[in-house]
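Take a look at the structure set out below.
The values are calculated or read from the model by the stated rules, or taken from the named source; none is laboratory data. Quick caveat: nothing in here was measured; it's all calculated off a predicted structure. Cβ placement follows ideal geometry from the backbone for every residue including glycine, while neighbour counts extend to all protein chains displayed. With ligands, DNA and RNA removed, areas are computed over all heavy atoms of the protein, side chains included. Shrake-Rupley method; radii C 1.70, N 1.55, O 1.52, S 1.80 Å.
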Amino acid sequence: MRPETKALHTLPHDPSTGAVCVPIHQTSTFEQEAPGINKGYDYSRTNNPTRRAFEELLASMESGTRGVAFSSGLAAVDAVLKLLSAGDEIVAVDDIYGGTYRALHTIYNRFGFKVKHVDTSDPGNVLEAITPRTKLVWLETPTNPTLKVSDIRAIASICKASNALLLVDNTFCSPVAQQPLELGADIVLHSITKYIAGHSDVIGGAVVVKDEALGERIKYVQNATGAVLGPQDSWLAIRGTQTLHLRYERISRSAQRIAEWLSTHPEVAGVNYPGLRSHKNHLVARSQCSAFGGVISFWLKDDREGTAVDLVGHTQLITLAESLGGVKSLVCVPCRMTHASVPREARIAAGIQDSLIRLSIGLEHPDDLIGDLEQALAKVTERVTGNTHA
Ligand SMILES: *Cc1c(COP(=O)(O)O)cnc(C)c1O
């Protein structure tokens, strides 16, 4: 089955009633027939049927054996990091998600983890950074917000040779566009908050693996530390998954048009989008993803933070907000918002200029979004040249 069919037919109808939707099992505990004898569920931190349904659905979409759903994407990040011990090394993509950076450098640094950030868009940099102490290689592809693409197959073989686990944060692609486990990764991580739930109404995360023993270890960490996705949110995540392919296809088509339009705009200095032929790893992206998603970033010829801040103050349809992957288009200035916790030097080195603007394209008509960007860019340009008509 293809992912869109799996999204609809992985879960059986409810055997007790025939309900075509998974029930929301809003319960903390389950009756036992005798001490230790139950119907597979004893306490909802350990297992809940609605959460379990979502985990099975996502595992099937990612071609994994085990899914574990968490209360946020960062809770999923945290659970994976708890597989490691003091002294272990991690090699991570340089423009890693800001929250993951913060966890690594302000929390896990105190527990004796060593993290090396490299530009993983060249697999040679991973090969150079990896040592016998490297237990985990952490990729995001494409990255946030510079949309760097890394070759999952090439990096998977480097990791295999050196006995390190390869994790791919697949939030930006979603399982309908990219399946890292099929490309050789060991762990797939998601912020469910983004494309999978898809409507800006849920915070959630997940981990999916192929290896059953590894799945057991992650499940053990979750049960021992407690960051589970609630039944309501699991149900919303299931509902989101059913329309994911349609949303993702439409969003990707709109984003391609908008990225091409931005590339020709006289005030725009550069556009990052894996679907553009000008993208450094466009061919790698084409070899591992079937669509390029809705996140675009671009920077202005006038590279002052203030100008970017000005621009996002003028969009009318496109909402100034953090996050991405929902039905409504959003815009943000990463250096002030999503990446405010990354030191400026590290930011600039990773290509996050002061005027970099990130768009998350939603389901509006692309012409309306282009119109909105056009009027906002015109206002900022007027201000820059002093050419106001007020
Ligand atoms: C949002 C995001 C996360 C964190 O997820 P939350 O659900 O916000 O905790 C992790 N990785 C990426 C790539 C993200 O976009």
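Observations on the model:
- Extreme residue, farthest from Glu89 (Cα to Cα), among residues of the stretch 179-202 that are within 12 Å of the ligand (Cβ to nearest atom) and part of a loop (DSSP other than H, G, I, E, B): Ser200
- Only listed residue being within 13 Å of the ligand (Cβ to nearest atom) and touching a His at 6+ places or on another chain (Cβ under 9 Å), chosen from Val207, Val176: Val207
- The residue that is nearest to Pro123 (Cα to Cα), counting only those in the stretch 145-166 that are touching an Asp or Glu at 6+ places or on another chain (Cβ under 7 Å) and within 15 Å of the ligand (Cβ to nearest atom), is Lys148.
- Residue within the stretch 314-330 that is in the same structural domain as Asp368 (by TED's automatic domain parsing), assigned to a loop (DSSP other than H, G, I, E, B), without any contact (Cβ under 8 Å) to a residue 40 or more places away in the chain and away from the ligand (no atom under 16 Å from the Cβ) present: no
- Against the numbered list (1) at pLDDT 90 or above; (2) in contact with an Asp or Glu (Cβ under 8 Å, 6 or more places away or on another chain), Cys335 comes up short only at (1).
Let's see how each residue does on (1) open to solvent by 30 Å² or more (accessible area, probe 1.4 Å); (2) under 13 Å from Ser297 (Cα atoms); (3) in contact with a Leu (Cβ under 6 Å, 6 or more places away or on another chain):
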{"site": "Ala340", "(1), (2), (3)": "yes, no, no"}
{"site": "Pro343", "(1), (2), (3)": "yes, no, no"}
{"site": "Leu369", "(1), (2), (3)": "no, no, no"}
{"site": "Ala376", "(1), (2), (3)": "no, no, yes"}
{"site": "Glu382", "(1), (2), (3)": "yes, no, no"}
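- Entry remark, the stretch 42-91: residues being within 16 Å of the ligand (Cβ to nearest atom) and among the hydroxyl-bearing types (Ser, Thr, Tyr) number 2 in total.
- Within the stretch 149-174, residues that are over 16 Å from Lys116 (Cα atoms) have Cβ atoms under 7 Å from residues that are basic (Lys, Arg) and within 15 Å of the ligand (Cβ to nearest atom) in these pairs: Thr171/Lys194, counting only partners at least 6 apart in sequence or on another chain.
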